[in-house]
1. Between helix 98-129 and the chain, what is the angle of the helix's C-alpha long axis to the longest principal axis, kept within 0 to 90° and rounded to the nearest 10?
2. For Ala64, project a label point 7 Å along Cα to C-beta. Then give me every residue of segment 16-56 with its amide nitrogen under 14 Å of that point.
3. Charges only on Cβ, +1 for Lys and Arg, -1 for Asp and Glu: so what's the dipole of the chain about the Cα centre, in debye to the nearest 20?
4. For Cα pairs less than 8 Å apart in space and 6+ apart in sequence, what is the mean separation divided by the residue count of the chain, i.e. the relative contact order in percent?
5. Given points 7 Å out from each Cα along the Cα-Cβ axis, report the Leu219 to Glu256 separation in nanometres with one decimal.
6. Which one, Val195, Pro183, Met271, projects farthest toward the positive side of the charge dipole computed for the chain from Cβ point charges (K/R +1, D/E -1)?
7. Loop-only check: which GluC sites (Glu not before Pro) in segment 415-523 are DSSP coil with at most 15 other Cβ within 10 angstrom?
8. Using DSSP, restrict attention to beta bridges with both residues in segment 392-475 and report what percent are antiparallel, rounded to the nearest 5.
Amino acid sequence: MAITDLGSAQPLQTSKPSRARIILRTYGAAVLSGLLAVGAFPHLDWAWLAWICLVPMLATYPHARLRDALGQAFVFGFIYHGGVLYWLAIMAQHALGTALGVVAWAIGSMAQVSVVLLFAFGAHLLSRHGNRWAWALGIPALWTALEWVRQLGELGTGWGDLAYTQHSVITILQLTKLGGVWPLTFLIVLVNVAVTGILTKRNPPRFVNAVLAAVALALVYGSISLRGEHLKPQFQAAALQTNINPNVRWSNRRPEDPVYVEQTMQAYSKMEAKAASKGSLFAAWPEATFPGYLRDDPNLANRVSADCVINGQALLIGGNEWDERAHSDANSAFLVDRSGAIRGSYVKRQLVPFGEYVPGRDWLKFLVALHLTIYDRKKGAAHQALLDAGAPVGKVGVAICYESSYGELTREQVARGAGLLAVVTDDTWFGRTAAARQHAAIAAIRAAECDRYLVRAGSTGISQIIDPAGRVINEAPLFESKLVIAPVEQRTTRTPYTRWGDWFVWVCWGVLAIIAFTQLRPQNKKA
């Protein structure tokens with residue numbers, strides 16, 4: 001059979017291997033690549049695996065048949081995303097039962113696999129018809145562009161992007177300041193391609209030198225960025241982790257158990273006072289922890305206002321907010337300033353599909369009747385006024401739980417003037433699975449790409465304060481009551497990412513377009 005060489009348009013004559021050998025090689029590589037990719041994320045959190053995880057799979061290209069490439073991608077994608085998202089089955093079973101929990105995990109994983117199949121289709125074309133440079137640059141551009149696509153739509157998510165594996169590699173993490181996660185993703189895949197080429201002897205001339213130079217430049221940029229930080233903390237900020245599970249039964253806009261309400265109010269009040277005694281001017285409650293409706297419950301609201309006045313401390317409080325016009329709840333974060341006045345609220349914009357709303361309910365009415373969601377929340381407006389706590393805390397950009405995995409949501413708030421970021425979350429549902437650590441890792445990326453301090457408050461953990469380089473300054477472990485406090489500042493710096501957003505993605509689409517027009521055209525046959 002004739003298999004096209006990556007370096008020329010002429011077919012390379014090879015002996016035909018047995019079908020069994022092809023299957024073993026193809027799917028064995030898929031399994032190995034999938035396992036390596038999973039290992040790069042928490043629990044194992046071996047960041048270096050990301051730089052070689054695609055090598056076994058890429059080394060099997062070109063495939064003789066498209067279906068081999070697609071079959072391999074399906075196995076790889078399901079192991080990769082199914083392995084990273086294994087906790088979906090554990091989390092979903094609390095609401096849906098064990099069997100439906102497994103179904104929810106399978107559906108969630110398959111949604112991600114569809115994008116991997118698109119990658120395999122593109123890689124198949126590049127391997128069979130492109131020259132070596134088209135393959136070498138096209139594969140990283142294709143992977144990066146499709147990770148961006150994976151975030152789109154109601155079922156889209158950025159959870160599991162390769163760049164998040166580098167959350168603790170601080171020097172290389174600074175690359176996110178240039179263009180968000182995308183330049184870092186491109187570089188990771190570029191290295192995978194180079195390593196594959198070394199093993200298969202298919203690299204373009206001087207390609208390895210070019211890749212080494214790119215990695216060196218990324219490290220130099222990271223080092224220069226870290227040396228030029230000029231951090232000047234102005235005040236103390238705190239994340240309040242009381243280890244109280246907020247997921248209790250409610251009745252008449254309060255938790256049913258009045259003892260729970262009182263215990264919650266007292267626990268947060270005591271922790272606020274402790275933070276204030278250490279100099280905190282800003283403290284964050286976790287997501288949905290306020291035991292009532294702050295705007296509609298004057299008794300509880302007055303207690304919060306009094307605490308703010310006594311402690312001289314602004315509070316960001318996660319809680320429910322009733323929208324009378326929409327006749328539905330919103331998952332909100334309220335800003336109460338040091339005078340005790342509610343300065344505004346941020347309403348969660350990126351809701352959890354089938355957890356906080358039913359996707360497609362406006363077109364598929366029957367989905368609502370099936371009760372496929374735990375809550376039925378109102379979605380926040382695309383553009384909301386920034387929360388402003390007043391000097392020295394200033395304007396705060398907020399992300400609630402799951403939406404912290406969407407870089408654009410924090411980026412646009414920083415572009416509009418947010419000098420401090422806060423993520424409030426309730427990760428109780430995750431238990432002690434890898435999800436809590438995966439979720440926390442995302443916050444480090446958000447801090448680094450926006451060059452902002454970030455306060456992350458989790459009801460049962462993981463609570464953190466992260467500096468503008470993505471370093472965790474202070475942290476509370478899971479399922480412990482702990483005050484997390486550290487010095488921070490209101491920053492006004494602007495990174496290329498906060499200025500221009502996902503510009504690097506469009507560079508990747510441009511690379512693919514050039515390859516398509518110059519390399520994927522049908523070859524003229526000689527007479």
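The values are calculated or read from the model by the stated rules, or taken from the named source; none is laboratory data. Because the structure is a prediction, the values reported are computed rather than measured. Note that we place each Cβ from the backbone using ideal geometry, even for glycine, and neighbour counts take in every protein chain shown. The accessibility values were calculated without ligands, DNA or RNA, using every heavy atom of the protein model including side chains. Shrake-Rupley method; radii C 1.70, N 1.55, O 1.52, S 1.80 Å.
1. Tilt relative to the chain: about 40 degrees.
2. Only 16-26 fall inside the zone, counting backbone N under 14 Å.
3. So the magnitude is around 2000 debye.
4. Here the relative contact order equals 16 percent.
5. Between Leu219 and Glu256, the simple spin-label model gives 5.9 nm.
6. Towards the positive end, the residue furthest out is Val195.
7. Values: sites: Glu449, Glu475, Glu480, Glu489; in loops: Glu480, Glu489.
Those satisfying the criteria are Glu480.
8. DSSP beta bridges in segment 392-475 are roughly 40 percent antiparallel.
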